[in-house]
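Beneath this line is the structure, given in structure tokens, with notes to follow.
The values are calculated or read from the model by the stated rules, or taken from the named source; none is laboratory data. Treat the numbers as computed from the prediction; the structure is a model and nothing was measured. Here the Cβ is made from the backbone with ideal geometry for all residues, glycine too, and neighbour counts use every protein chain on show.
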Amino acid sequence: MNEILFFKTFSLVGGMLLITSIGARINKAYETTFEAVLTIAGTFLTLFIVYTLREDFPTNLLALTAFSFCIGWSMGPTITMFGERFKFRKYSQKIGLKSKVVEKKKSFWGGNENKKTVFYYKDSPEKIFEYDSSEMVRVRNKFKKEILAQDDDPYSQKWQNNIFFAMVATTLSVFMTALIVYFSETDFGFLGSFLFFALLGLIIVRLLKAWVIKDSSFSMLQTGIGIVIFTLYLIYDFNRLEKAMARGDRSWGTAIDIAVNIYLDIVNLFLYILEALSENN
């Protein structure tokens, strides 16, 4: 057993997760669009440096630190967005605000050419209004004043519980997938091509969700797919680590390569679990 590669890899993963959590705690929201663009650019730039100089110690560790912090800096606003979505859903339940998807028009073949989400109050379902209506503007402004503007709003503890549950679920997933690889004699390398194309499909689905399809059931579907994909990615990357250890590989380059992949698996799995909780809990 090659303990050196194992120690290097998980020391890197642990350090990266710690730095990421610090970045996420510091930055809860972007101040400007430029800050968001700069964070994304910094993430890709530092990742490029990590892989280019992964054998150059200690430059590789400095690049990993910067990359992890950029990820954390972008995770903070993402978690905040999920939290606000969760709180607005709870607030809507409190005031009796409901939503439904209606057809805008029929296509030539009789199918649904387009759909839109409309809102109504439980006590007066005949009065519907759209997201950009004056009534929804009033509701959102009231939500910001009564909930988001408060230091200790009535839904904060529930949201913190969701974050804790997502962390526990992610940790259990990491241990379970590691045990599967450790006790199984299967070479999970065959998952590589499948997961690559599945990830591309997931990216397309997220783009469709953001710009085209607003159906809540579709949103739950893509979240579930994301959880499955990154759980399988953990199995795949743990298997890569196992095979590298069997070869006797002890290099920093291999440790960084595998550590970055496991780290990204964990981060994405956590975010997908948290997103699922924000939409369904």
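Please work out which residue is nearest to residue 94 (Cα to Cα), limiting yourself to region 120-165 and to residues that are touching a Lys or Arg at 6+ places or on another chain (Cβ under 8 Å), among the charged types (D, E, K, R) and not in a strand (DSSP E or B).
Per the stated criteria, the residue is 122.
Restricting attention to region 163-179, does a residue exist that is in contact with a Gly (Cβ under 9 Å, 6 or more places away or on another chain) and either crowded, with 17+ Cβ neighbours inside 10 Å or of a type in the set (Val, Ile, Thr) (or both)?
There is at least one residue in region 163-179 that is in contact with a Gly (Cβ under 9 Å, 6 or more places away or on another chain) and either crowded, with 17+ Cβ neighbours inside 10 Å or of a type in the set (Val, Ile, Thr) (or both).
Checking the conditions here, which among 94, 8, 87 is under 23 Å from the mean Cα position of the chain (by Cα), assigned to a helix (DSSP H, G or I) and either surrounded by 15 or more Cβ atoms within 10 Å (Cβ to Cβ) or not hydrophobic (A, V, I, L, M, F, W, C) (or both)?
Going through 94, 8, 87 in turn, the sole match is 87.
Among the numbered criteria (1) more than 27 Å from residue 166 (Cβ to Cβ); (2) part of a helix (DSSP H, G or I), which one does residue 47 miss?
(1)
Test residue 17 against the stated conditions and say whether it is over 16 Å from residue 257 (Cβ atoms), surrounded by fewer than 20 Cβ atoms within 10 Å (Cβ to Cβ) and either touching a residue at least 60 places away in the same chain (Cβ under 8 Å) or touching a Lys or Arg at 6+ places or on another chain (Cβ under 8 Å) (or both).
Yes, satisfied.
Assess whether residue 165 counts as being free of Cβ contacts under 8 Å to residues at least 12 places away in the same chain and under 25 Å from residue 221 (Cβ atoms).
No.
When region 18-44 is examined, which residues are found to be aromatic (Phe, Trp, Tyr) and assigned to a loop (DSSP other than H, G, I, E, B)?
Within region 18-44, 30 is the sole residue that qualifies.
Conditions (1) under 30 Å from residue 130 (Cβ atoms); (2) not β-branched (Val, Ile, Thr), marked per residue:
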site	(1), (2)
159	yes, yes
172	no, yes
182	no, yes
195	no, yes
201	no, yes
204	yes, no
221	yes, yes
265	no, yes
270	no, yes
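If a residue must be within 30 Å of residue 102 (Cβ to Cβ) and at pLDDT 80 or above, how many such residues does region 176-220 contain? Explain how you work it out, then say what you get.
Our first condition is that a residue be within 30 Å of residue 102 (Cβ to Cβ); within region 176-220, this holds for 201-220.
Next, from what is left, pick out any that are at pLDDT 80 or above: 201-204.
So the count comes out to 4.
Could you figure out which of (1) surrounded by 15 or more Cβ atoms within 10 Å (Cβ to Cβ); (2) in contact (Cβ under 8 Å) with a residue 60 or more places away in the chain; (3) not hydroxyl-bearing (Ser, Thr, Tyr) isn't true of residue 188?
Only one criterion in (1) surrounded by 15 or more Cβ atoms within 10 Å (Cβ to Cβ); (2) in contact (Cβ under 8 Å) with a residue 60 or more places away in the chain; (3) not hydroxyl-bearing (Ser, Thr, Tyr) is unmet by residue 188, namely (2).
Taking residue 257 as the residue in question, decide whether it is outside any helix (DSSP H, G or I), in contact with a helix residue (DSSP H, G or I) (Cβ under 8 Å, 6 or more places away or on another chain) and either in contact (Cβ under 8 Å) with a residue 60 or more places away in the chain or buried (at least 17 other Cβ atoms within 10 Å of the Cβ) (or both). Even if it seems obvious, please write down each step before you answer.
Values: outside any helix (DSSP H, G or I): no; in contact with a helix residue (DSSP H, G or I) (Cβ under 8 Å, 6 or more places away or on another chain): yes; either in contact (Cβ under 8 Å) with a residue 60 or more places away in the chain or buried (at least 17 other Cβ atoms within 10 Å of the Cβ) (or both): yes.
So residue 257 fails the test.
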